Structures are given as C-alpha cells and as structure tokens.
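Scroll down for the structure; my scribbles are underneath it.
The values are calculated or read from the model by the stated rules, or taken from the named source; none is laboratory data. Quick caveat, the model's predicted, so the values are computed rather than measured. Areas reflect the complete protein model, heavy atoms only, side chains present, ligands, DNA and RNA absent. Shrake-Rupley method; radii C 1.70, N 1.55, O 1.52, S 1.80 Å.
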Amino acid sequence: MNTILQAVAFAADKHRNQRRKDAEASPYINHPITLANVLANEGNVADEAVLVAALLHDTIEDTQTTREELASRFGETVARIVTEVTDDKALPKAERKRLQVAHAAQISDQAKLVKLADKISNLRDIAARPPADWSAGRQREYFDWAHAVVAGLRGVHPALEAVFDAAYAAKPAA
Ligand code: NDP
Ligand code: ZN
C-alpha cells in the first residue's frame, strides 16, 4: 500500500470540480501536491502523516469530506492534523483570518509544518499567478497576514521558515 499515492488519488477525486483563483483557473489539486512537494523536497520532511495530511489539507474545508472519513481511510493522526489546519467555515472570513493568527502557536508541530507549506505555496502563487481580481494592495495584505500567521509557527523547522521568508521577499510593490 502506497499511502502517499492513495492520498493524491483521494484528494484529486474530492477536488475534481474545483479550480484555484488564478486567472487561468488552475486545477485545484496542483496546490495540495505543491505543499507535499515543498515539505518533502525543500524541507526534507519524511513524516508520512505530515505529507499525507498536506495532500488532504483542504478536503474538509473545501469539499464534502468529513474528519471521520479521513480517520477511517488514513488514520487518526492524519485526520487530527487536517482538522487542526481546517478553518471553521461557520465563522465570518475576517474572524477566521484572526483566529489563524491567534491559534498558530498552539497547534501541533505536524500541523505547523502543513500550515507553513500552505503559506509558502499561496505566497508563491500570488507572486506568480495572483487571483485575477486582486489589486496589489490586496496581494500585499495577504502577504502580511500570512507573515503574521507564520510568526506563530516558527521554531519547528528553521529551513522551511527560511523558504517562507524567501517567498515573502517577493511581496508586490505598493
Ligand atoms: P482569501 O483572501 O482568504 O483568499 C485567499 C485564499 O484563496 C488562499 O488562502 C488560498 O486558500 C486560496 N487560493 C486559491 N487560489 C489562489 C491563488 N492563485 N493564490 C493564492 N491563494 C489562492 O479569501 P477571500 O477571497 O474570501 O477574501 C476574504 C478576505 O479578503 C476578507 O477577510 C478581507 O479582509 C480581504 N479583502 C481585501 C480586499 C482588498 O482589496 N484589500 C477586498 C476584499 C476582501 P487555500 O490554501 O485554503 O486554498
Ligand atoms: Zn491550502
């Protein structure tokens, strides 16, 4: 059983009708695959539960997937990590953004790695392929919010934190 490929296939199916927000509407699955690739090949992360959780990280938040479904297919550890990086969609957007900053330091080290890779991926995407309707000011606002979230994640993986800092250096000019 290759659990990594099982997670790729599961996430590809769950996100099959979704697209990212860039002008070309890239396939959604590119993003979770990027997280796992950043962790494994830029961060040398070998913890399989972290890599599998990275591949599944947006399934509960953005598809019909439940925590129980992840637990039965991928185990309790993976289900717990994904749950830790899942926003409560019942809350207003601004509150969700505030809570990500407030909670970052309290989540597990495994969840911190997934969240760090998520912010690296999103900053790189905004720098290379921003959502079509985002002004430079809104892009800059996202960079600053991501920076505030990552402040709470630091201390677990300094090399990946440096990768984040390099991505942050591409913050669009005002
Ligand atoms: P976000 O601002 O949170 O949208 C960004 C999210 O979309 C990312 O975190 C990422 O989430 C996902 N995403 C998909 N495609 C891309 C891509 N190509 N590049 C980067 N991220 C991508 O949510 P909303 O669009 O709902 O905006 C709501 C918030 O934006 C409000 O709280 C408000 O503060 C702010 N806002 C600012 C405005 C401004 O002009 N300054 C105007 C309007 C709103 P994931 O990793 O989960 O997929
Ligand atoms: Zn994501």
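Quick notes on this one:
- Cα centroid separation - the stretch 13-56 against the stretch 97-120, whole Å: 16
- With θ taken as phi - 60° and the Karplus curve 6.51 cos²θ - 1.76 cosθ + 1.60 applied, the whole-hertz 3J(HN,Hα) list for the stretch 53-59 is 5, 4, 5, 9, 4, 9, 6 Hz, x standing for glycine and proline.
- With all protein chains kept in place, the per residue accessible area of the stretch 2-168 amounts to 48 square angstrom at a probe of 1.4 angstrom.
- Rounded percent of accessible protein surface that carbon and sulfur make up, the stretch 2-168, 1.4 Å probe: 50
- Calculated translational diffusion coefficient of the stretch 2-168 (10 °C, 1.306 mPa s; Stokes-Einstein with Kirkwood radius over alpha-carbon pairs) equals 99 µm²/s.
- The length gained by stretching the chain between ASP87 and THR66 to full extension, at 0.36 nm per residue less their Cα-Cα distance, is 6.2 nm.
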